[in-house]
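K.L.:
One structure coming up, written as structure tokens, with questions to follow.
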Amino acid sequence: MPVSLVRVITEGTIIHRHRIPLPIPNDDQFYTVEHFNICQEIVFYAKTLMIVDCDQFTKNFLRKMGVKLNPPGCIPEDPYTSKREEMKKNMQPLRPYEKVDKLKQFLDHDTHVLRFYCYWDDSENLFGEFRELILHYFLADDTIEIREVFRPNSGRDAVGVLLHRGKLPKHVPDRLYHPGEITDRTILNTTAPAGPESRYILDSLKTGNVYQEFYKDCDLMIGTVINAWGRKVVLCDCDEFTKEYYRNKYGVVDFTPVKYQSKPTIKIERQIPPYNGFGSEEDSFNSTLSLVPKPPQHNIVQFMEKDRQGLESNVLQFSARLITDDQINSERKFVLSYFLSDDTISIFEPPAVNSGMPGGKFLERVRIKKPGQEIFKSEISEYFTQHDLYIGAKLCLYGNYFCLVDADEYTFCYMEKNADEYQKANICTILTKLKTTGDLHSLEIKRMLSAHDQKRIGIINYDDFRNIVIQIGEGLLTEHEVMTIGRYYSIREEQKTDICLILHVVQEALRKSAFEDFVKISDAFIYEDRQRTGFLPVQESRNILKGFQLLIPNEILDEMISNFLGADGQVAYRNLILGLNWRENPVPPADVKVPFQIKKAGSGEYPPKQVTSINYIAFIEDLFGKQE
């Protein structure tokens, strides 16, 4: 609790914060709030102090505690201090010193800077230019700094200080002053040799003082022309802090900026030399940007985002055919892969039995230019991108014309997931296009669709639905857009795969990889099964199998585990291990065609989900709205 004491000592803290004991004989107790009151003496370590007064918070606190406060007292006058003050008033110095106090100005306006936007037009002189400037006025010490505003490729140094910080005189002096000529006080003469006994007379009237008038804040206004050591600087505008400062101090309300326009500079267009045929076009283009040629930079952000991440291959795969009159070549099938990480394309031809074509790699992975472009030109050529690939697209790749006829399930799902980028997989855009194709009547379209619905259940075959949609679209819909509509309104039934087929595929994969550590797998399951029940949760069983790095895709592994679930939803791992053991319990191959097979990692091939049935009622409701 702060208190006012009788004696004021400027040496610092007399007693640091701690509990103070009462004087003897009660030194086993300590001072509390009840021991304090106004005009009351207290003893701290044999020093008697008188409490004269206290602040308002202390008064309120003591009144709430029920303490009756005494009226405040006053500090007695010190005779010695009073005598010294009286002597100081009667003293008249013969050589009074001028006291210049700049500390208050510094404390009040430190870090406060006025900013003006200005220009200096020196275009009339030889090699002169129009320069944009920024003037800073420091309120802490009335100094001015002027900096230049550099435009890109201006050809000037980066250090744009036109005038270093200092006081700016209003009038340029006619000559340079000698050292010591500009001083605060002038000595008239001396009467003794140099030393402690020397005597001198100061110029109290400042007869020899050099008078200089400097720019102040009151001299700086918008539209004012200041003289910066012979340079005419025009103040055109200022920032918000400067405007607020002049409003409060000088009452200025008009801050209309001065409009100025520099002379237009001649913009020289860079002429890129045409491609000379050596190296890539990007490499040839980068060699013209700087004196030291640099290799072209790859899009590292695209590579990091679209590179393979786990089972997400980020590779779009399409089935393609050659567009040719040759019957043999027209029957050839190709797999076109588009890699999203670097926009490259590769083509692979699956081998066909008794076709005469060996198959294999048809086109190395590379970026492919669009046809119809000049070879030797200055601009960078356009390449095929992911937006050029869709079902029904016709591509000319190095003179070979391909038509994309199908895609894998991963490609369809990826394009539908990113429908904002792929408009041909955006169901909202496709329906909007259908609404604007012509005069559509819901009853007529419903009659056309229901004609193929023999059972009257609202479901028709996909082929019939496709023909009607193409007829409705009047040739404006691509095959990919028709397939997107069919996939969106399709009725897909999940087919349960035979466990024998799954085990045969898995055992073949383990046999080809020479995996025989089934005892270790059994020990791992038994170790996790602390209760020895023979059952483990699905996720825990899946983690154990993934820990042995089995070359089995996740979808096949999950399908296999789902066939060994017990009544409580847990995995019977003993039966699962017996099914994996191709050495002791081989599963014979089935005559039925396996709907999937083990692929290499990164192939991007997924089991396709066939679309057979279409809910045309939902299609009509989304296209025309619900009708009664």
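K.L.:
How much length is gained on full extension from residue 111 to residue 562, taking 0.36 nm per residue of separation minus their Cα-Cα distance?
P.N.:
Numbers: separation 451, 0.36 × 451 = 162.36 nm, distance 7.20 nm.
Full-extension gain reported as 155.2 nm.
K.L.:
Follow-up. First measure r as the distance between the Cβ atoms of residue 217 and residue 452, then evaluate 1/(1 + (r/R0)^6) with R0 = 56 Å and state the FRET efficiency to the nearest 0.05. Please list the in-between numbers first.
P.N.:
Details: r = 88 Å, r/R0 = 1.57.
It comes to 0.05.
K.L.:
If you stretched the chain out fully between residue 388 and residue 177, how much longer would it get, using 0.36 nm times the residue separation minus the C-alpha to C-alpha distance?
P.N.:
Here the segment from residue 388 to residue 177 would lengthen by 68.2 nm.
K.L.:
Could the peptides 372-384, 152-164 be put in order, highest first, of the mean number of other beta-carbon atoms found within 10 Å of their residues? Numbers along the way, then the final one.
P.N.:
Values: 372-384: 12.6, 152-164: 10.5.
Final packing ranking: 372-384, 152-164.
K.L.:
Another question about this same structure. Out of residues 5 or more away from residue 401 or on other chains, whose amide H comes under 5 Å of its own, with H placed 1.01 Å from N in the peptide plane?
P.N.:
Excluding prolines and chain starts, which carry no amide H, the hits are 323.
K.L.:
Give the peptides 558-565, 389-396 in descending order of average Cβ contacts within 10 Å, highest first. Show your work: numbers first, answer last.
P.N.:
Numbers: 558-565: 16.6, 389-396: 18.2.
Going by the mean number of other Cβ atoms within 10 Å, highest first, we get 389-396, 558-565.
K.L.:
For a quick check: sort 555, 409 by the number of other beta carbons within 10 angstrom, fewest at the front.
P.N.:
555, 409
K.L.:
Moving on to the next point. Using Cα-Cα distances under 8 Å and only pairs 6 or more residues apart, what relative contact order does the chain have, in percent? Please list the in-between numbers first.
P.N.:
Working: 810 pairs, mean separation 47.4, N = 628.
Across the chain, relative contact order equals 8 percent.
K.L.:
Quick check on the exposure proxy: order 387, 178 from fewest to most C-beta atoms within 10 angstrom.
P.N.:
Values: 387 11, 178 7.
Fewest-to-most ranking of 387, 178: 178, 387.
K.L.:
Starting with the fewest neighbours, write out 411, 242 ranked by other beta-carbon atoms found within 10 Å of each beta-carbon. Kindly include the intermediate steps, with their values, before the conclusion.
P.N.:
On the way: 411 24, 242 20.
Fewest-to-most Cβ neighbours within 10 Å comes out as 242, 411.
K.L.:
Right, something else. At what distance in nm do the modelled label points of residue 427 and residue 409 sit from each other, each positioned 7 Å from its Cα along Cα→Cβ?
P.N.:
Distance between the two pseudo-spin positions: 1.8 nm.
K.L.:
Let me ask something additional. So what is the 222 nm mean residue ellipticity for the chain from helices alone, if each DSSP H run of at least 4 adds -39500 (n - 2.57) and you divide by all residues, rounding to the nearest 500 deg cm²/dmol? Don't skip to the answer; put the middle values down first.
P.N.:
Numbers: 18 runs with 166 residues, N = 628.
The helix-only estimate for the chain comes to -7500 deg cm²/dmol at 222 nm.
K.L.:
Something else now. Taking the Cα-to-Cβ direction at residue 523 and at residue 84 and moving 7 Å from each Cα, how far apart do the two end points lie in nm?
P.N.:
Going by the 7 Å Cα→Cβ label model, 9.3 nm.
K.L.:
In region 386-473, how many lysine pairs have Cα atoms under 19 Å apart, counting only pairs 8 or more places apart or on different chains?
P.N.:
Working: 394/424; 424/433; 424/435; 433/446; 435/446; 446/455.
Total qualifying Lys-Lys pairs in region 386-473 comes to 6.
K.L.:
Please sort by residue number the trypsin sites (Lys or Arg not before Pro) in region 465-543 whose DSSP state is loop and whose Cβ has at most 13 other Cβ atoms within 10 Å.
P.N.:
On the way: sites: 466, 487, 492, 496, 511, 512, 520, 530, 532, 542; in loops: 492, 496, 530, 532.
Within region 465-543, the qualifying trypsin sites (Lys or Arg not before Pro) (loop, at most 13 other Cβ atoms within 10 Å) are 492, 496, 530, 532.
K.L.:
In addition: Normalising by the residue count of region 499-580, find the relative contact order in percent from Cα pairs under 8 Å and 6+ residues apart.
P.N.:
Numbers: 70 pairs, mean separation 32.6, N = 82.
Relative contact order, region 499-580: 40 percent.
K.L.:
Something else now. Starting from the 7 Å offset along Cα-to-Cβ, what nm value, one decimal, do you get for the label separation of residue 231 and residue 43?
P.N.:
Label at residue 231, label at residue 43, 7.7 nm between them.
K.L.:
Follow-up. Roughly speaking, what is the stretch gain from residue 584 to residue 159, that is 0.36 nm per residue apart minus the C-alpha to C-alpha distance, in nm to one decimal? Walk me through the numbers before you get to the answer.
P.N.:
Details: separation 425, 0.36 × 425 = 153.00 nm, distance 8.24 nm.
Gain in length upon complete extension: 144.8 nm.
K.L.:
If you place +1 on the Cβ of every Lys and Arg and -1 on the Cβ of every Asp and Glu, how big does the dipole about the Cα centre of the chain come out, in debye to the nearest 20? All intermediate terms of the calculation are to be shown ahead of the outcome.
P.N.:
Details: 77 positive and 90 negative charges, 296 e Å.
So the magnitude is around 1420 debye.
K.L.:
When all alpha-carbon pairs of region 499-580 are counted, what percent fall beyond 23 Å? If you can, show how the numbers build up before the last one.
P.N.:
On the way: 425 of 3321 pairs.
Taking all Cα-Cα pairs of region 499-580, the fraction more than 23 Å apart is 13 percent.
K.L.:
Answer rounded, prolate or oblate for region 350-509, using the Cα gyration tensor with square roots of eigenvalues a ≥ b ≥ c: rounded when a/c is under 1.5, else prolate when a/b is larger than b/c, else oblate. Walk me through the numbers before you get to the answer.
P.N.:
Numbers: a/c = 2.22, a/b = 1.18, b/c = 1.88.
It comes out oblate by the Cα gyration axes.
K.L.:
Return the FRET efficiency for the residue pair residue 250, residue 285: r is the Cβ-Cβ distance, R0 is 51 Å, and the value is rounded to the nearest 0.05. All intermediate terms of the calculation are to be shown ahead of the outcome.
P.N.:
Numbers: r = 58 Å, r/R0 = 1.13.
That pair, residue 250 with residue 285, gives E of 0.30.
K.L.:
Using a ≥ b ≥ c from the Cα gyration tensor of region 300-407 (square roots of the eigenvalues), is it rounded, prolate or oblate, where a/c under 1.5 gives rounded and otherwise the larger of a/b and b/c decides, a/b for prolate? Can you show the working numbers first?
P.N.:
Working: a/c = 2.17, a/b = 1.26, b/c = 1.72.
The shape class here is oblate.
Bear in mind that the values in this text are calculations on the coordinates, not laboratory data. In this text, all values refer to a predicted model and were calculated from it rather than measured experimentally. Positions of Cβ are generated from backbone atoms using ideal geometry, with glycine treated the same way; all protein chains shown enter the neighbour counts.
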